[in-house]
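S.K.: Quick one: structure below, then a few questions.
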Amino acid sequence: MIFRVAPGAGRDKIEQNRRKGAFVHAICRSRGGLVVLDQVVKFLVRANIPLGGDVPFLPHILQLTYVQNTGAAFSLLEEHTWILTIVSLVVSVLLVVLLVKKVFPRPFAMAALSMVLAGAVGNLIDRALLGYVTDMFETLFMRFAVFNVADICVVVGGIAFCVYYLFFHGKGGGPWSRFCCGLTGRGSGPTSS
């Protein structure tokens with residue numbers, strides 16, 4: 001029996017894998033960029049705004065207020081920075097393992113987990129080096145906790161991952177499958193591509 005392969009059939013698979021690899025590398029670069037952005041913004045706030053001081057940023061919406069947060073979100077576990085440092089380290093290692101092993105191999109899921117990792121690392125750096133997290137964004141239109149770039153990464157990445165997991169993980173087809181479930185739009189398991 002003779003099997004014939006259509007010309008260029010292998011090239012399509014190679015091109016598809018190249019695009020997936022390029023996307024993963026872009027995710028890694030953006031993750032590092034988010035950590036750098038977070039640290040630069042925190043440095044500028046510490047250098048230019050006195051502790052407790054504020055500077056107008058977006059009138060009636062957002063101001064920059066320098067706060068040293070020794071707790072977690074909403075100042076939970078305040079004065080227990082060492083516990084939060086250990087938790088941040090464990091979560092960061094877990095996220096690295098999930099990303100390296102491609103437990104959720106689709107680009108959208110990897111991007112979401114990468115954002116969460118960038119946020120965790122950004123705040124981990126502060127806790128480990130300073131003993132507190134530098135927060136600066138204070139909303140003026142509603143009463144809310146003061147937050148930073150790393151917090152934004154954790155929240156946006158966490159929500160994006162939840163959306164992926166609830167609506168796209170394990171499902172194929174549909175208009176968003178190329179973006180959320182892979183470049184081919186087929187399936188979502190690690191073996192389907």
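The values are calculated or read from the model by the stated rules, or taken from the named source; none is laboratory data. It should be emphasised that the depicted structure is a prediction, and the values quoted were computed from it without experimental measurement. Positions of Cβ are generated from backbone atoms using ideal geometry, with glycine treated the same way; all protein chains shown enter the neighbour counts. Please note that ligands, DNA and RNA were not included when accessible areas were found on the heavy atoms of the full protein model with its side chains. Shrake-Rupley method; radii C 1.70, N 1.55, O 1.52, S 1.80 Å.
S.K.: Among the residues of segment 43-53, are any surrounded by 14 or more Cβ atoms within 10 Å (Cβ to Cβ), over 19 Å from the mean Cα position of the chain (by Cα), part of a helix (DSSP H, G or I) and at pLDDT 90 or above?
M.R.: Yes; the residues of segment 43-53 include at least one that is surrounded by 14 or more Cβ atoms within 10 Å (Cβ to Cβ), over 19 Å from the mean Cα position of the chain (by Cα), part of a helix (DSSP H, G or I) and at pLDDT 90 or above.
S.K.: Inspect segment 153-161 for any residue being open to solvent by less than 30 Å² (accessible area, probe 1.4 Å), in contact (Cβ under 8 Å) with a residue 40 or more places away in the chain and in contact with a Lys or Arg (Cβ under 7 Å, 6 or more places away or on another chain) and give the result as yes or no. First the steps, then the outcome.
M.R.: Taking segment 153-161 and keeping what is open to solvent by less than 30 Å² (accessible area, probe 1.4 Å), we get 153, 157-158, 160.
Now drop any that are not in contact (Cβ under 8 Å) with a residue 40 or more places away in the chain, which leaves 153, 157-158, 160.
Next, only the ones that are in contact with a Lys or Arg (Cβ under 7 Å, 6 or more places away or on another chain) stay: none.
No, the conditions are met nowhere in segment 153-161.
S.K.: Which pairs turn up if I take residues in segment 45-64 that are without any contact (Cβ under 8 Å) to a residue 12 or more places away in the chain and look for partners that are exposed (fewer than 12 other Cβ atoms within 10 Å of the Cβ) with beta carbon separation below 8 Å, at least 6 apart in sequence or on another chain?
M.R.: So the pair list comes out as Val55/Asn48.
S.K.: Could we say that Leu124 is in a helix (DSSP H, G or I), in contact with a Ser or Thr (Cβ under 6 Å, 6 or more places away or on another chain), open to solvent by less than 50 Å² (accessible area, probe 1.4 Å) and on the phi < 0 side of the Ramachandran plot here?
M.R.: yes
S.K.: Considering segment 80-96 alone, what residues qualify as being of a type outside the set (Val, Ile, Thr) and either touching a Gly at 6+ places or on another chain (Cβ under 6 Å) or at pLDDT 90 or above (or both)?
M.R.: Within segment 80-96, Leu94, Leu95 meet the criteria.
S.K.: With touching a Phe, Trp or Tyr at 6+ places or on another chain (Cβ under 6 Å) and either within 22 Å of Asp38 (Cβ to Cβ) or not in a loop (DSSP other than H, G, I, E, B) (or both) as the only criterion, which of Ala160, Ala109, Ala118 stands out?
M.R.: Only one candidate qualifies: Ala109.
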